[in-house]
Each structure stands twice: as structure tokens, then as C-alpha cells.
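Visitor: One structure follows; several queries about it will come next.
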Amino acid sequence: MPIAMDTIAIILFVHSVDKRYSIAGALTAVAALTTVISTPLWAKAADRIGQRRVLLTAVPIRVSAFITFILLVENGAPIWSWFIAIFLAESSSLSIGSMTRRRWMHMIPENESDLLSTSYVFESFLDEMIYILGPVITTAVVTAIAPVAGIILGIIFLVIGAPLIALHRKSDPGIHPHDSEVKVKSVMRSKKLQAIAIPLTIAGGSFSATNISVVAFADERGVKAAAGVLLGVWALGGAISAIINGAIHWKISHGARYLGYLVGMTIVAVSFPFISNLYLLGVALFLQGMCIAPLLPNGLSMLTKSIPNSQMTQAISLATAGIPLTGALASFLSGQLIDNYGARAGLWLPFSFLLLSCSASIPYLKSYKD
């Protein structure tokens, strides 16, 4: 749940105190940049020492740092201290999605690749359901209780969920140590991983830009609470698309579908800056969401036979680890554009990042042919 709550929760909490979207955007940018480094390292550790030890080590650090962040903001501490607390919190950020997908790979026999693809889509469906519920719940508790309530609820979900995963021994893939006498190639040298990770990294900017711009868009119209509903509708489109894609026995390759959904996201994003109505923006977000959910499952299905098991959790994590990198840049740019020119200016950014993402996929066209 926290993956769908933390960004909007931080924005709403900080803006309630500081009143500047630029500071809120800068904080979420620092958070995103930190996760780019931390999540692959923790994923690599999970392959080496096991998911259970990683979960039980990282989660207490993250919870403590977030509590510190709350206390610093509410007690008027210097703004630079807020950034340090956020950095510490995100340095213990884990890619739970990578861990669960690795567990599916462990539980499903190698000769049932179709079932593995379905499990990836199922995980994406669950992700979308989380993204539907997360923003709605966050804005609801912030509006009804207090600005800090969204962050606190995310902490509660994490404290409950992480031990449940750690204790689920049946699905635990165990430890995959490397042979010390064998030189292991860097997983990022895989062309198929590059073909997935690089376009996704650039596309990540569109996600963050959309998040903060939608909040500002709703705020400008005096209905800030509607931001959570709009972001929920965005995810609802993904959930419905995930069900449809998981049920179809496709004859089109995973790579072709990956490219098709990326182009579809870009086409829909062109409409964002020209929309002035909340309902029309909801329709556009719904349509784009239908392209987002199947994107990652099709990409990950390309990796199944090209990455060794001893590096699989790391590879799955790296496929999406770069998303916060451009997300950080987009958060900063969105905050600046919105503060100076309004929400509509911020809504140009999603299309810009997606257009660059499509361009980045061109050198890897051969890799998309299964």
C-alpha cells in the first residue's frame, strides 16, 4: 500500500505546513532519487542473503526515519533536516513487487511459462487495485483526520505487511549465492533488460508529473479531495486492462505488446494539457491507465529465460528501479511549472517524458522480437 500512498501523502502533508508545491516536489524528488540506488541494492541482497533477512532489517529503519520526518516537519525544524529524514527513509526502500514476482517464479514450474505470464499480470492487477485504493484512502484520511494521517497509515500498512511476507516460507525463493570462482556478468549488460529498463526509466517521469499535476489541477478548482479520486480512476483503467490481458491467450509477442502499450500511453498524454474539466481528465486518465498495467508484465516476461536465477530479483528490481530517477526530475519540474504557470503547464510534462521514452526504445527494436 505505501507505494501508492507515500508520494501524495508527503505532498499533502508538506503543503499543509509549507504551502509551496516546489518544496513538496523537491522532497518527493529526493525520495525518488534515493530509491533508484537503494531498491536494486536491497534486491541484490535478497538474492544473496534471502528476502526474510532483508525485510526484517530494512523495514524498521524505514519506519523510524518516517516518524523522524513527521516530528521534524510538525515542530518547525529547518527544511534541510526534512530532506535528510526523507533520504534515510528511502535508503531502506524495498521493491516489494520484485520480491513477490520472484516468489511466483519460484513456485511455478519452468515448463508453465504461460502461467508465469499470467501471474505477472495478476500482480499488476493487484498493483492497480493498490493504486486505486491508496490515493483515495490517503486523501480521505488527510481530509477527515489530519494532514499527517496519510503517512502514518502507510507506516501501519508496512508494519503489518512486511512481516507477513517474511514469514511466508512456502513461497520464499531462498538464497542464491554466486560461485566465487565464476566471474558473473553484470545483469545490466542484458540487452533485453536494457530494452525494458531504459524506456521505463524515462516513462517514470510521466507518472510523477501526472501525480503532482493532478493534485494541483484539482486544487485550482477548489476540490483538492478529488485528486485522490482522479488518481484512483487512473489505476482503475489499469486494473480492468490487467484482467482483460491476463484472460487472453495472446498470439502477439510480449515485445510487440510492450511497445504498443508504450505508444498508447503517449497518444493519450497529448490530451492532458488541453483538458479543463475534471470529468474529462478522469476519462483520459482511465484510458491511459489501460495501457500502463500490461506494460511491465510483458516486459518481465521477456526476461524469464535470459537472466540466471541468482540475479533474478535484482533484474526484476532494475527493470523499474530507474523510474524514480526521472520521477525525481519530473517532481521538481512539475513543482516549478505549477507554482509559476499553473497546473496546465505541469500537464505538458507527461507527454514530453513519454515521447522521449518511445524514442529510447528504437535502438532495441530487435530485442522486442521474442
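The values are calculated or read from the model by the stated rules, or taken from the named source; none is laboratory data. Given the structure is predicted, the values throughout are model-derived calculations rather than measurements. Cβ atoms come from the backbone with ideal geometry, glycine included; neighbour counts cover every protein chain shown. Ligands, DNA and RNA are excluded from the accessible area calculation, which covers all protein heavy atoms including side chains. Shrake-Rupley method; radii C 1.70, N 1.55, O 1.52, S 1.80 Å.
Visitor: In percent, what relative contact order does the chain have, based on Cα pairs under 8 Å that are 6 or more apart in sequence?
Guide: RCO, the chain: 30 percent.
Visitor: For Cα pairs less than 8 Å apart in space and 6+ apart in sequence, what is the mean separation divided by the residue count of the stretch 53-125, i.e. the relative contact order in percent?
Guide: 30 percent
Visitor: Now for a separate question. Of the listed values (1) 22.6; (2) 17.4; (3) 18.7, identify the label whose number matches mean projected area of the Cα convex hull in nm² calculated from this model.
Guide: After the calculation, the listed value that fits is (2).
Visitor: Take the solvent-accessible surface of the protein heavy atoms, probe 1.4 Å, and return the percent of it on the stretch 216-370 that carbon and sulfur atoms account for.
Guide: Ligands and nucleic acids excluded, carbon and sulfur give 69 percent.
Visitor: With the crude spin-label approximation of a point 7 Å out along Cα→Cβ, what separation in nm comes out for residue 355 versus residue 270?
Guide: 1.0 nm
Visitor: Calculate what fraction, in whole %, of the accessible area of the stretch 79-209 sits on carbon and sulfur atoms when a 1.4 Å probe is rolled over the protein chains.
Guide: Roughly 68 percent, rounded to a whole number.
Visitor: Excluding residue 335 itself, calculate the net charge of residues whose Cβ lies under 15 Å from the Cβ of residue 335, where each Lys or Arg counts +1 and each Asp or Glu counts -1.
Guide: With Lys, Arg at +1 and Asp, Glu at -1, the neighbours total -1.
Visitor: Still on this structure, please answer the following. Given DSSP loops and a limit of at most 15 other Cβ atoms within 10 Å, what is the longest stretch of the chain that contains no such GluC sites (Glu not before Pro)?
Guide: Counting at most 15 other Cβ atoms within 10 Å as exposed, the longest clean stretch of the chain is 182-370.
Visitor: Using a Gaussian network model of the chain whose springs link C-alpha atoms within less than 10 Å, name the residue from 308, 147, 40 with the highest mean-square fluctuation.
Guide: 308
Visitor: Using the Kirkwood radius over C-alpha pairs as Rh, can you work out the diffusion coefficient of the stretch 1-146 via Stokes-Einstein at 4 °C, viscosity 1.567 mPa s, in µm² per second?
Guide: 77 µm²/s
Visitor: Further question on the same structure: State which entries of 192/251; 170/369; 170/366 exceed 28 angstrom in Cα-Cα distance in the structure shown.
Guide: Going by Cα-Cα distance, 170/369; 170/366 fall outside the 28 Å limit.
Visitor: Kindly report, to the nearest 10 Å², the accessible surface of residue 104 as traced by a 1.4 Å probe over protein heavy atoms only.
Guide: 80 Å²
Visitor: So which residue, out of 190, 119, 38, gets the largest mean-square fluctuation from a GNM of the chain using Cα contacts under 10 Å as springs?
Guide: Highest fluctuation of the listed residues: 190.
Visitor: For the stretch 230-330, calculate the relative contact order in percent as a whole number, restricting contacts to Cα pairs under 8 Å that are 6 or more residues apart.
Guide: Answer for the stretch 230-330 is 40 percent.
Visitor: Can you give the local net charge around residue 195? Use residues other than it whose beta-carbon is closer than 11 angstrom to its beta-carbon, Lys and Arg +1, Asp and Glu -1.
Guide: +4
Visitor: Determine the gain in length on full extension of the stretch residue 20-residue 247; use 0.36 nm per residue of separation and subtract their C-alpha separation, reporting nm with one decimal.
Guide: Result for the pair: 77.2 nm of gain on full extension.
Visitor: So what does residue 136 come to for accessible area, using a 1.4 Å probe and Å² rounded to 10?
Guide: Spelled out: residue 136, probe radius 1.4 Å, area about 60 Å².
Visitor: Then there is this: How do 224, 369 rank by accessible surface area computed with a 1.4 Å probe, from largest to smallest?
Guide: 369, 224
Visitor: Taking the solvent-accessible surface of protein heavy atoms with a 1.4 Å probe, what is the per residue accessible area of the chain in Å²?
Guide: Averaged over the residues of the chain, the accessible area is 43 Å².
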